[in-house]
Amino acid sequence: MDGDVAVGVKRGSDELNMYGNSPNSMTANGSDSKKQRLDESPPSRVLHIRKLPNEVSETEVIALGLPFGKVTNILMLKGKNQAFLELGTEEAAITMVNYYTAVTPQVRNTPVFIQYSNHKELKTDSALNQRAQAVLQAVSAVQDGSSPSSHQGVLDGAPPPSPVLRIIIDNMFYPVTLDVLQQIFSKFGTVMKIITFTKNNQFQALLQFSDPVNAQQAKLSLDGQNIYNSCCTLRIDFSKLVNLNVKYNNDKSRDYTRPDLPTGDGESTNKDHSLLGTPSGALASYSSGGGYSSSLSLSQGGGAISPLSAAAAAAAAASRVALSGSGVSGVLLASNLNEEMVTPQSLFTLFGVYGDVQRVKILYNKKDSALIQLSDGNQAQLAMSHLNGQKVFGKVMRVTLSKHQTVALPREGLDDQLLTKDFSGSPLHRFKKPGSKNFQNIFPPSATLHLSNIRDGVGEDDLRLLFSNSGGTVKAFKFFQDRKMALIQMSSVEEAIQTLMDLHNYDMGGNHHLKVSFSKSTI
């Protein structure tokens, strides 16, 4: 190590005298040209930050500490490109130093140095430190959930006080995971924490940067962009939160500053949080590579996925979503099926909500398992992410990627039990037509179903009776204005799945076949 002071190391005799009457009277050796004596220093909740870029704001410095706990004081030494930051507890300061030992702290894309101070608390002359204190109070007000309006003037022209972004993904045709989000957004700065959840049947995420400036840059660059061609549109705004509380590191939430966190029991930190509405572990079967390449160079304008080529690489590198399905099996293995009830037709209808099913084969020697072949790997993984762990005919279905590339058809006359069926020519494929509205209406299984193509003259009582006869209990019903579409709410997701399999494409007479899909709405 040369003259640079590493994170967590004290600058012995060069420690600043914080009890001077003016910040300008303080002395510090900000030069790295002199050889410094480096000693291990005891932890302190006061941290000394050096090599800050010119014109850095108090908010940017405070943001370095916010992810680790409450920031209780700050002292800026702008002429020396240094600052002191006091955290609420020594434990928070230790966590912060340990994290920035592994991850180089940056402010405005400039590496800075963080170390423990000799002092156990930060005493500042409030008259000389008014702006910093006002910013601190404003940030604290936001952190505590109260209004910072009385301090808003201080923040004008400064970066936003929150390093946390709220991300909503519209038109989500392909799964979006923690790893995809982390790799996309880390282009703009250090991503510290992410929580994903479903709210109002919409996939959302809270993502915390180490610096609100990075959050601002990410919002400016990514808001309104598509992760993939014509789908997975990012809608981004600033969260009112300035610090996320992550309890578990799993497929729904991650604290990159705390790799020691437990995975939890599959339940996330909030009852509304669920990744694509599926239980924990839904993605486990391919999180480690899924049998195909787990690394990919950034696409250079060839553009299977646009406009964010980084997102394409992130998705592929995370082994979650394939590029155009190339080289990736579109075949799924569904197991733990109710072999008394399941048929190739019912699986075609259910998996067809998420992709165009080409072939279904119930295994001859293991009739509680089936192979389902979709048009490509993207559709297969979308279906897997939504359907793995769902209860179908009373049993929890497991869905994983199959090692098979295709489902073979039996030789003519050999399939006397009708266990294999070819659906490649079916008129019921939802996604054959480019730009179809079906691409925009893909949602997790839910108790509420969307009905369309309802024949004139068919009323609420007719539809309630039809769905009740299918073995379910209708809890609520609502016609749309034109009465060609409606919402119908069953008593459980399992009942909705069963009635969708039974009644999608039901012949209502007069060449009107009922269309059934899962809805994001509730009645």
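The values are calculated or read from the model by the stated rules, or taken from the named source; none is laboratory data. None of these values were measured; they are calculated from a predicted model. Calculation scope for accessible area: heavy atoms of the full protein, side chains included, ligands and nucleic acids excluded. Shrake-Rupley method; radii C 1.70, N 1.55, O 1.52, S 1.80 Å.
Counting only protein heavy atoms and a probe of 1.4 Å, the accessible surface of region 446-499 is 44% carbon and sulfur. Counting only heavy atoms of the protein chains and using a 1.4 Å probe, Glu58 has close to 10 Å² of accessible surface. What region 164-255 shows is 32 Å² of accessible area per residue, with the surface traced by a 1.4 Å probe over protein heavy atoms.
Annotation: per residue accessible area for region 439-518 equals 47 Å², rounded to a whole number [probe 1.4 Å, protein chains only].
The orientation-averaged projected area of the convex hull spanned by the Cα atoms of region 164-255 comes to 5.5 nm². The count of lysine pairs in region 331-426 with alpha-carbon distances below 15 Å, taking only pairs 8 or more places apart or on different chains, stands at 4.
Sequence-distant contacts, meaning Cα pairs under 8 Å at least 6 residues apart, place the relative contact order of region 203-251 at 31 percent.
Carbon and sulfur atoms: what percent of the 1.4 Å accessible area of region 164-255 do they account for?
On the way: 1240 of 2990 Å².
In region 164-255, the share of accessible area belonging to carbon and sulfur is 42 percent.
A straight line joining the Cα centroids of region 168-195 and region 440-475 runs 35 Å. Amide H contacts for Asn73 (H built 1.01 Å from N in the peptide plane; partners 5 or more residues away or on another chain; cut-off under 5 Å): Glu86. Surface analysis of region 331-426 yields an accessible area of 43 Å² per residue, using protein heavy atoms and a 1.4 Å probe. Of all the accessible heavy-atom surface of region 331-426, with the other protein chains kept in place and a 1.4 Å probe, what percent is carbon and sulfur? Roughly 48 percent, rounded to a whole number. In the context of the full protein assembly, Lys187 retains an accessible surface of approximately 140 Å², using a probe radius of 1.4 Å and ignoring ligands and nucleic acids.
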